[in-house]
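So the structure is just underneath, and the comments pick up after that.
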Amino acid sequence: MVGKVVHFEVLGDNPKALQNFYGSIFECEIDANNPMNYGIVKNSGEGSIGGGIGKTEGGSPPHATFYIEVDNIQAHLDKKTENCLEF
């Protein structure tokens, strides 16, 4: 029941700086040519994933989200929360 990351999203106050930073360190193509300037990170081949880099909205703090694919979401959540530590 191993999950795999299939998409990610990084949001912050300065999306252009985030897009430049992540584009340079991961050497990936980011297309932000859209009205929201939301950077679409293209997957670069086998084993890579796509994602997005944009601006936070509504006063949200900067954050990252990882989307994980599993066969059975409830079984996966049950297993992962059995030994969950409180943060």
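The values are calculated or read from the model by the stated rules, or taken from the named source; none is laboratory data. Source: prediction; values computed, not measured. Note that we place each Cβ from the backbone using ideal geometry, even for glycine, and neighbour counts take in every protein chain shown.
Residues that are modelled with pLDDT under 95 and closer than 22 Å to residue 68 by Cα occur at least once in the stretch 14-22. Residue 53: free of Cβ contacts under 8 Å to residues at least 60 places away in the same chain, in a strand (DSSP E or B), surrounded by 11 or more Cβ atoms within 10 Å (Cβ to Cβ) and among the hydrophobic types (A, V, I, L, M, F, W, C), yes or no? For residue 53, the condition - free of Cβ contacts under 8 Å to residues at least 60 places away in the same chain, in a strand (DSSP E or B), surrounded by 11 or more Cβ atoms within 10 Å (Cβ to Cβ) and among the hydrophobic types (A, V, I, L, M, F, W, C) - is met. Close contacts from the stretch 59-70, counting a first residue that is under 12 Å from residue 10 (Cα atoms) and a second that is surrounded by fewer than 12 Cβ atoms within 10 Å (Cβ to Cβ), with Cβ to Cβ under 6 Å and a gap of 6+ residues or different chains, come to 66/5. For the stretch 29-50, the tally of residues that are in a loop (DSSP other than H, G, I, E, B) and without any contact (Cβ under 8 Å) to a residue 24 or more places away in the chain stands at 15.
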